[in-house]
Amino acid sequence: MADFRVVLVEPSFEESIGFVARAMKNFGLSNLHLVNPRTVLGPSGRMRGGHAQDVLDSIVEHRSLQDALEGLHLSIGTTAQRSYAASNLVRKPVTPRELGHVLKNRPGTVGIVFGREGTGLTNVELGHCDATLTIPAVSEYQTLNLSHAAAIVFYELHVAAGESSMDGLASERVKKTILSFLSNSALRSGIEEHDRALLTRAFRNVLGRSAIRQREGSLLAEVLRRISEALSQTKEPDDSGTLSVVTETETETRGWAEVTSGLPQRHDS
């Protein structure tokens with residue numbers, strides 16, 4: 001099963017940290033990270049932590065959310081605010097149950113990111129995550145208490161957890177390579193910059209919600225690489241001495257195809 005990292009962004013109350021740690025202990029989680037905490041964990045927070053003192057003792061602190069997300073295969077940002085605007089692809093969430101379903105039987109390191117007690121996560125912070133999650137609630141009052149929301153998410157992940165699978169989650173390098181080849185193909189197809197950005201964000205959402213596996217990611221990256229390469233060959237190079245965009249991309253993401261893609265090799269005559 002997945003190895004979960006719980007990330008709290010700028011928690012303001014030590015009691016919140018304690019309650020979240022207690023919920024983690026209830027469902028077998030132990031990896032708690034804090035980003036710029038606005039409080040110091042003291043006796044009150046520890047009391048709320050109950051028997052989760054080991055979780056509190058092993059807390060890791062970070063100066064930025066990007067640092068806290070380092071090394072993850074998948075990051076999920078939580079939000080109470082759904083977006084109904086077609087252009088706001090960041091706030092197109094999954095539910096905890098849906099997340100548990102897609103993560104079932106898939107090993108890898110997954111981060112669950114919770115925002116501030118009063119204001120949650122910003123759009124920019126959600127944009128750093130691979131996907132977003134919302135707990136369905138009545139429209140009159142959608143915002144849950146931080147520790148209550150955390151407990152619901154942890155419960156659903158616990159229920160959905162099964163035996164480990166040999167095919168783990170796609171690495172961050174594979175996902176970045178997929179998005180890079182996709183963006184490059186869109187560029188060579190004449191798609192405008194703004195639309196390319198929306199396309200990339202939408203595709204990142206798809207990758208996040210599906211919890212794409214390593215082999216699936218390698219296959220997809222290989223297909224997009226070939227599409228990008230084919231598109232580049234339809235245009236005359238501006239400068240024969242300049243490295244092409246595709247070649248630069250392949251150089252920067254060297255090693256993405258760690259798993260044999262299974263696609264038939266092309267033989268140019």
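The values are calculated or read from the model by the stated rules, or taken from the named source; none is laboratory data. Nothing here was measured: the structure is a model prediction, and the numbers come from that model. Note: areas computed on protein heavy atoms with side chains; ligands, DNA, RNA excluded. Shrake-Rupley method; radii C 1.70, N 1.55, O 1.52, S 1.80 Å.
The convex hull built on the alpha-carbon positions of the range 102-237 has an orientation-averaged projected area of 10.4 nm².
Report the convex hull volume per residue for the range 91-137, counting only C-alpha atoms, in Å³.
Working: hull volume 4.2 nm³, N = 47.
Cα-based convex hull of the range 91-137, divided per residue, equals 89 Å³.
What whole-number value in Å² describes the accessible area per residue of the range 20-61 for a 1.4 Å probe? Intermediate values should be presented prior to the final figure.
On the way: 2210 Å² over 42 residues.
Dividing the accessible area of the range 20-61 by its residue count gives 53 Å².
Counting only protein heavy atoms and using a 1.4 Å probe, the accessible area of Ile152 comes to about 60 Å². For the range 93-207, the carbon plus sulfur part of the accessible surface works out to 56%, probe radius 1.4 Å.
Heavy-atom accessible area, probed at 1.4 angstrom with all protein chains present, ranks Val223, Val138 as Val138, Val223, highest first. The shape of the range 11-77 comes out oblate: with a ≥ b ≥ c from the C-alpha gyration tensor, a/c is at least 1.5 while a/b does not beat b/c.
Residues in the range 125-210 average 49 Å² of solvent-accessible surface per residue, probe 1.4 Å, ligands and nucleic acids excluded.
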